[in-house]
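Each remark here refers to the structure printed beneath this line.
The values are calculated or read from the model by the stated rules, or taken from the named source; none is laboratory data. Just so it is clear, the structure is predicted and the values come from calculations on it, not from any experiment. A quick note on method: Cβ atoms are made from the backbone with ideal geometry, for glycine too, and the neighbour counts reach across all protein chains shown.
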Amino acid sequence: MSGSSLDGIDLALCTFDFDPEQELPVRGWSIAASATVSYPVDWRTRLGEATSLSAPDLLALDAELGEWIGRRAADFLEGHERPLLAGCHGHTVYHAPDRGFTLQIGHGARIAAHLGVPTLTDLRSADIAAGGEGAPLAPVADRHLFPDYRGFLNLGGIANFSFRRKDGDLAAGDISGCCQVLDRLAQLAGRPYDANGSLARSGSLLPDLMQQLDALPYHDQPCPKSLSNQWVTDTLWPVLRDHPGSVADRLCTFCTWLGAAVGGELERQYTAGGYAGAVEILVSGGGTHNAFLLERLQASQPGGGALTFRAAPGPATDFKEAALVALCALLRHFGLPNSLASATGARHDTLNGALYAA
């Protein structure tokens, strides 16, 4: 998995107890090994500038990234039995479901050549062809890997949620930018990221910035909906970058605003689902390591509201997205849907993925 924060790739070697004849085919699963490989500085720069490339240069970057990922994944598998198959989400360059396309680079054939196992890529296009947003994909993991939870929140480069309805379907959507925005703000202060949210904690609220964030049209759109990195970079980021407040104040304000936005959306889903009583929201992603952001999330539930947020850092949640990609590949292998219409707005569940033979 390569995320929008451009920090690197997550690798996970997963084992599934899987019965394709069952409605919920995953009877158990585990992560046997996991690792994060950071992008070198030149790769972060190249991927960050990918949208400005010509078509030939973008195709070359696709091939080179596939080569780089293939080598890193092959190194990761040294000493382990070769898996049945591999899945690679790739790095998102374009995501425009309203125009009928999405593009994640990281050449699948080159990855397959290095690993010697069939490799699945392009996990969103079939959903878009069926009228969906192509995102979020996380509800697939939420449905199959975490059946005991009703609500889910992923605090990655983009914050997205899933909420299990009483009929078993999952409502879902992207809420706004998250870690990629927090990291960019911290970098303005000379830090690679805001460790544990300490800089945000030292800041104060900027009411006018809160209002500017509220006023961005995407934030009022109903779910299902999905975000592109271009929207975060071109629309959301300039609002935070250009505000005259201190970096600490901008971090504090964005964490507070995001906590309220997430809490408000999940409350709407709770009400629409007809729930009563407490619901625990399982939180995953890099944002689980930001204590101030988690506090702002819980503060969105005044008076001990119905929702509580549980962050449980560890392989199952820290590498949830990598496990999701493995699961999507396995579902595709058995001809089972690996994108959920209830989460994306497609006309029906879809079978996604381009498969490259070893």
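Every residue, every condition in (1) surrounded by fewer than 24 Cβ atoms within 10 Å (Cβ to Cβ); (2) among the small types (Gly, Ala, Ser), yes or no:
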| residue | (1), (2) |
| --- | --- |
| ALA112 | yes, yes |
| LEU120 | no, no |
| ASP127 | no, no |
| ASP142 | no, no |
| SER162 | no, yes |
| ASP167 | yes, no |
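Scan segment 73-106 for residues that are surrounded by 14 or more Cβ atoms within 10 Å (Cβ to Cβ) and farther than 24 Å from ALA141 by Cα and jot them down.
ALA74
Can you tell me how many residues in segment 193-207 are farther than 21 Å from VAL232 by Cβ and part of a helix (DSSP H, G or I)?
Number of matching residues: 5.
Mind checking which residues of segment 234-289 are acidic (Asp, Glu) and either assigned to a helix (DSSP H, G or I) or modelled with pLDDT under 90 (or both)?
Going residue by residue through segment 234-289, those that are acidic (Asp, Glu) are 234, 242, 249, 265, 267, 280.
Answer for segment 234-289, where residues must be acidic (Asp, Glu) and either assigned to a helix (DSSP H, G or I) or modelled with pLDDT under 90 (or both): ASP234, ASP249, GLU265, GLU267.
Counting only residues that are under 23 Å from GLY264 (Cα atoms), give me the helices (runs of 4 or more DSSP H) lying completely in segment 299-358 with at least 2 of them.
By residue number, 341-344.
Scan ALA86, ALA96 and give me the residue that is assigned by TED's automatic domain parsing to the domain that holds CYS14, closer than 23 Å to THR317 by Cα and either in contact with a helix residue (DSSP H, G or I) (Cβ under 9 Å, 6 or more places away or on another chain) or among the aliphatic types (A, V, I, L, M) (or both).
Of ALA86, ALA96, the one residue that is assigned by TED's automatic domain parsing to the domain that holds CYS14, closer than 23 Å to THR317 by Cα and either in contact with a helix residue (DSSP H, G or I) (Cβ under 9 Å, 6 or more places away or on another chain) or among the aliphatic types (A, V, I, L, M) (or both) is ALA86.
Could you go through segment 322-329 and let me know if any residue there is among the β-branched types (Val, Ile, Thr), assigned by TED's automatic domain parsing to the domain that holds ARG165 and surrounded by 21 or more Cβ atoms within 10 Å (Cβ to Cβ).
No, segment 322-329 contains no residue that is among the β-branched types (Val, Ile, Thr), assigned by TED's automatic domain parsing to the domain that holds ARG165 and surrounded by 21 or more Cβ atoms within 10 Å (Cβ to Cβ).
Is there a residue being among the aromatic types (Phe, Trp, Tyr), within 22 Å of ALA346 (Cβ to Cβ) and touching a helix residue (DSSP H, G or I) at 6+ places or on another chain (Cβ under 8 Å) anywhere in segment 186-207?
Taking every residue of segment 186-207 in turn, none turns out to be among the aromatic types (Phe, Trp, Tyr), within 22 Å of ALA346 (Cβ to Cβ) and touching a helix residue (DSSP H, G or I) at 6+ places or on another chain (Cβ under 8 Å).
Sort out which residues of segment 278-312 are surrounded by fewer than 19 Cβ atoms within 10 Å (Cβ to Cβ) and farther than 21 Å from LEU199 by Cα, and write them in order of number.
ALA278, GLU280, GLN301, PRO302, GLY303, GLY304, GLY305, ALA306, THR308, ARG310, ALA312
Examine segment 267-275 for a residue that is touching a residue at least 24 places away in the same chain (Cβ under 8 Å) and within 16 Å of the chain's Cα centre (by Cα), and state whether such a residue exists.
Taking every residue of segment 267-275 in turn, none turns out to be touching a residue at least 24 places away in the same chain (Cβ under 8 Å) and within 16 Å of the chain's Cα centre (by Cα).
Kindly provide the set of residues from segment 210-230 that are assigned to a helix (DSSP H, G or I), farther than 13 Å from TRP257 by Cα and either in contact (Cβ under 8 Å) with a residue 40 or more places away in the chain or among the polar types (S, T, N, Q) (or both), ordered by number.
Once the filter is applied, which keeps residues that are assigned to a helix (DSSP H, G or I), farther than 13 Å from TRP257 by Cα and either in contact (Cβ under 8 Å) with a residue 40 or more places away in the chain or among the polar types (S, T, N, Q) (or both), segment 210-230 yields TYR218, ASN229, GLN230.
Can you tell me which residue within segment 20-66, out of those that are touching a His at 6+ places or on another chain (Cβ under 7 Å) and in a helix (DSSP H, G or I), is farthest from ASP122 (Cα to Cα)?
So the residue we want is LEU47.
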